[in-house]
Amino acid sequence: MREITIDDLASAVAGGAHLVDVRETAEYVAGHVPGAVNIPMGHLTSRLDELERSAPVLLVCASGNRSGAMADVLLAQGF
């Protein structure tokens, strides 16, 4: 996993990367990065078919703990 800047995020999303917010739905509703899709951490493995494997996947959470854990899951699943 690596962290990126906001500018890198904008460029990646413009280039077709998936932006996934892995926080709980209430957190997402309270405020999120525009364009992010909410797939809560506990649902990610059952919703992998929503992500195109050939595109980069960017994960967002509040502190980096959940996104880091989910990055490991995605890597293990071949992303």
Within segment 12-24, is even one residue open to solvent by less than 80 Å² (accessible area, probe 1.4 Å), in a helix (DSSP H, G or I) and in contact (Cβ under 8 Å) with a residue 40 or more places away in the chain? yes
Among the residues of segment 42-68, write down those that are within 20 Å of Ile4 (Cα to Cα), within 11 Å of the chain's Cα centre (by Cα) and not in a loop (DSSP other than H, G, I, E, B). Val57, Leu58, Leu59, Val60, Arg66, Ser67, Gly68
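Hey, can you tell me all the residues within segment 51-68 that are under 19 Å from Val29 (Cβ atoms) and of a type in the set (D, E, K, R)? Reasoning before the result, please.
Narrowing segment 51-68 to residues under 19 Å from Val29 (Cβ atoms): 59-63, 66-67.
Correct list: Arg66 only.
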Candidate set from segment 38-72 (those that are surrounded by fewer than 14 Cβ atoms within 10 Å (Cβ to Cβ) and in contact with an Asp or Glu (Cβ under 9 Å, 6 or more places away or on another chain)); member that is modelled with the highest pLDDT: Gly42
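The values are calculated or read from the model by the stated rules, or taken from the named source; none is laboratory data. For clarity, every value in this text was computed on a predicted model and none was experimentally measured. For neighbour counting, all protein chains shown are included, and Cβ atoms are generated from backbone atoms with ideal geometry for every residue, glycine included. With ligands, DNA and RNA removed, areas are computed over all heavy atoms of the protein, side chains included. Shrake-Rupley method; radii C 1.70, N 1.55, O 1.52, S 1.80 Å.
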